[in-house]
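The values are calculated or read from the model by the stated rules, or taken from the named source; none is laboratory data. Predicted model, so just to flag it, every value in this text is computed and none were measured. When we count neighbours, we look across all protein chains shown, and the Cβ atoms used for this are built from the backbone with ideal geometry, even at glycine.
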């Protein structure tokens with residue numbers, strides 16, 4: 001890795017020397033409570049590196065998607081293959097090696113593929129109360145896939161418990177946002193809550209998004225980067241008693257015509273500071289996505305039961321449809337569609353046990369998948385089983401039982417010990433065998449695993465604590481690993497294999513937190529060791545055919561610093577700096593010598609610095625921010641071949657300046673706005689297939705009642 005320019009070196013070094021980050025617009029000095037650990041716990045008492053992004057942070061920083069909301073989080077690289085797709089790399093891992101949840105319900109499923117994925121963008125960030133990010137947690141609490149990080153997207157509540165008991169309430173808001181870049185974008189949301197205080201509440205929200213094509217100073221208008229989206233969410237909460245709450249949620253997201261712009265002829269290529277990215281070749285490559293989530297949750301905090309502090313039981317139903325159309329040339333048009341239905345059940349209990357607390361329970365998810373492929377070679381559209389994205393008529397079961405005990409042998413020390421048993425079962429219906437040139441029926445695989453975790457938190461005094469530990473993580477092969485048939489990177493085929501086994505990880509972490517008065521600081525170092533990673537390896541020394549196999553071992557390590565300082569009553573300075581590196585060991589061919597290579601798509605050295613002024617009455621605020629990344633030329637062999645997204649020689653560094661402001665004009669009217677990329681910088685995030693927008697003005701208004 002090298003620094004591209006003195007300006008980039010200055011910006012990153014400035015943040016590094018301060019060593020203080022911007023977690024969010026919220027006050028890091030106030031106590032915060034988190035729920036992603038299957039219980040409510042103050043952030044200061046969490047033995048992991050944890051980030052909490054509330055709705056104020058998302059809205060005030062005009063983060064338009066869930067992945068983009070993570071852009072100012074240390075240790076996270078937000079890769080965007082397309083403007084409508086976003087996949088966070090958390091501590092070097094992405095795709096199916098990070099776990100996403102919505103209100104604690106598992107979002108990952110057996111179709112979640114490796115590498116940068118498009119699914120995270122199907123969670124409407126405008127409907128969220130907060131986003132909780134736990135890094136390097138391991139598999140004990142939530143099972144398979146929780147390696148780089150676990151993200152819990154928490155939806156808004158009706159607020160019926162906070163309303164006056166027995167009194168009718170009704171409140172809501174209407175929001176509109178305009179983004180000027182390119183063709184312009186329009187975002188609108190209206191939501192309303194009503195009910196009776198202490199008894200029940202109903203909230204309905206609708207979001208409409210019409211994103212126009214974006215442009216930057218280097219490429220100009222990037223045609224077909226815009227897309228429409230429609231979202232709806234309904235939540236009903238009811239008190240079945242003073243200690244028991246029933247929650248029903250339904251949400252639906254629909255996205256149409258999202259182009260993988262980098263693959264198409266509309267991508268003319270990109271040149272920047274001697275770095276050259278290749279143009280696209282396909283006539284078009286378009287995704288449509290639909291997703292629904294429905295759950296029914298019963299939870300309580302019984303005061304009369306001495307053996308039980310709280311409990312939660314959730315029944316969920318999750319559906320998804322992915323459709324891709326590739327027009328490679330006039331005589332080669334390909335279509336893929338995959339439908340998945342997931343039924344889940346989760347039971348979590350929390351009980352006092354001796355000098356500590358025990359969290360325990362189980363979860364179960366069952367997937368059913370239908371898949372189809374079609375191809376037009378110039379003679380009309382025909383069904384083509386060799387082009388199905390995964391095996392058709394397949395099923396996948398994932399069961400886990402877990403227990404985690406937090407024990408305080410002395411007042412200053414908390415030790416957390418946990419374990420999880422996992423059982424995964426895959427049944428392939430019709431899977432295409434390229435060697436036979438025909439479908440194979442009835443293949444199945446099973447895996448079992450036990451993962452453990454040992455963590456400790458040492459509270460030195462009221463201000464300072466140290467935490468750390470070691471956690472195991474486990475990723476069971478899913479249907480995509482076993483039978484996937486997709487296009488990855490710059491048009492490269494990515495196939496699955498029924499013979500692959502589970503990936504295993506060991507995560508080490510050491511961190512510290514310090515909060516005193518008007519200053520807060522955090523630092524963490526991590527090391528993740530991975531064995532039996534699934535990768536494609538050539539079958540002969542001369543290359544030719546490749547097969548997916550558990551042939552790779554890897555490690556990723558790095559550090560993160562973040563903090564905030566209120567140096568005057570109305571002024572807050574915040575920032576972060578993060579760095580990581582990694583290596584893989586993979587055979588050159590089956591049975592051949594080992595190749596020691598760079599881990600794919602490692603985030604470069606990144607940093608951010610924000611200065612915020614808030615008027616004493618809190619009704620006016622202004623925040624300026626700089627976000628900087630060093631050049632990333634530390635590339636794996638696969639990265640060097642992904643030339644439509646990663647330029648030859650690596651991704652150039654950048655410095656992006658922005659300013660945001662807000663004004664609470666009245667009790668019911670609020671204005672927010674901003675100017676992003678003030679210098680019209682020509683840049684892209686490492687591994688992305690589309691450049692970031694150039695100079696962009698944003699204006700939003702919210703009316704509340």
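For this structure, a couple of remarks:
This table checks each residue for (1) in contact with a strand residue (DSSP E or B) (Cβ under 7 Å, 6 or more places away or on another chain); (2) in a strand (DSSP E or B); (3) closer than 16 Å to residue 449 by Cβ; (4) free of Cβ contacts under 8 Å to residues at least 40 places away in the same chain.
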site: 390; (1), (2), (3), (4): yes, no, no, no
site: 398; (1), (2), (3), (4): yes, yes, yes, no
site: 403; (1), (2), (3), (4): yes, yes, yes, no
site: 416; (1), (2), (3), (4): yes, yes, no, no
site: 420; (1), (2), (3), (4): yes, yes, yes, no
site: 424; (1), (2), (3), (4): yes, yes, yes, no
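- Against the criterion of being surrounded by fewer than 17 Cβ atoms within 10 Å (Cβ to Cβ) and either in contact (Cβ under 8 Å) with a residue 12 or more places away in the chain or within 15 Å of residue 106 (Cα to Cα) (or both), residue 376 qualifies.
- Of the criteria (1) in contact (Cβ under 8 Å) with a residue 12 or more places away in the chain; (2) surrounded by 13 or more Cβ atoms within 10 Å (Cβ to Cβ), which one residue 433 fails: (1)
- Residue, surrounded by the most Cβ atoms within 10 Å (Cβ to Cβ), within the stretch 54-90, restricted to residues that are under 21 Å from residue 564 (Cα atoms) and in contact with a helix residue (DSSP H, G or I) (Cβ under 6 Å, 6 or more places away or on another chain): 69
- For the stretch 380-399, the condition of being surrounded by fewer than 17 Cβ atoms within 10 Å (Cβ to Cβ) and on the phi > 0 side of the Ramachandran plot holds for at least one residue.
- Inspection of the stretch 537-546 identifies no residue that is surrounded by fewer than 17 Cβ atoms within 10 Å (Cβ to Cβ) and within 13 Å of residue 75 (Cβ to Cβ).
- Selection of the stretch 223-260 for residues being out of contact with any strand residue (DSSP E or B) (no Cβ under 6 Å at 6 or more places or on another chain) and either buried (at least 21 other Cβ atoms within 10 Å of the Cβ) or modelled with pLDDT under 95 (or both) yields 225, 241, 242.
- Strands (runs of 3 or more DSSP E) (entirely within the stretch 265-351) containing at least 3 residues that are in contact (Cβ under 8 Å) with a residue 12 or more places away in the chain and crowded, with 16+ Cβ neighbours inside 10 Å: 284-300, 310-329
- So residue 531, is it surrounded by fewer than 16 Cβ atoms within 10 Å (Cβ to Cβ) and at pLDDT 95 or above: yes
- Residues in the stretch 475-526 that are in a strand (DSSP E or B) and modelled with pLDDT under 90: 485, 486, 487, 488, 492, 493, 494, 495.
Table: residues versus (1) at pLDDT 95 or above; (2) closer than 21 Å to residue 92 by Cβ; (3) surrounded by 22 or more Cβ atoms within 10 Å (Cβ to Cβ).
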{"site": "582", "(1), (2), (3)": "yes, yes, yes"}
{"site": "591", "(1), (2), (3)": "no, no, no"}
{"site": "605", "(1), (2), (3)": "yes, yes, yes"}
{"site": "637", "(1), (2), (3)": "no, yes, no"}
{"site": "642", "(1), (2), (3)": "no, yes, yes"}
{"site": "654", "(1), (2), (3)": "yes, yes, yes"}
{"site": "663", "(1), (2), (3)": "yes, no, no"}
{"site": "668", "(1), (2), (3)": "yes, no, no"}
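- A single member of 623, 676 is more than 25 Å from residue 219 (Cα to Cα), surrounded by 20 or more Cβ atoms within 10 Å (Cβ to Cβ) and at pLDDT 95 or above, and it is 623.
- Out of 363, 392, one residue alone is out of contact with any helix residue (DSSP H, G or I) (no Cβ under 7 Å at 6 or more places or on another chain) and more than 30 Å from residue 417 (Cα to Cα). It is 392.
- Of all residues making up the stretch 210-228, the number that are without any contact (Cβ under 8 Å) to a residue 40 or more places away in the chain and either under 22 Å from the mean Cα position of the chain (by Cα) or assigned to a loop (DSSP other than H, G, I, E, B) (or both): 3
- Matching option when the condition is outside any strand (DSSP E or B), at pLDDT 90 or above and over 14 Å from the mean Cα position of the chain (by Cα), among 58, 3: 58
- Exactly one residue out of 138, 114, 148 is over 12 Å from the mean Cα position of the chain (by Cα) and under 24 Å from residue 38 (Cα atoms): that is 138.
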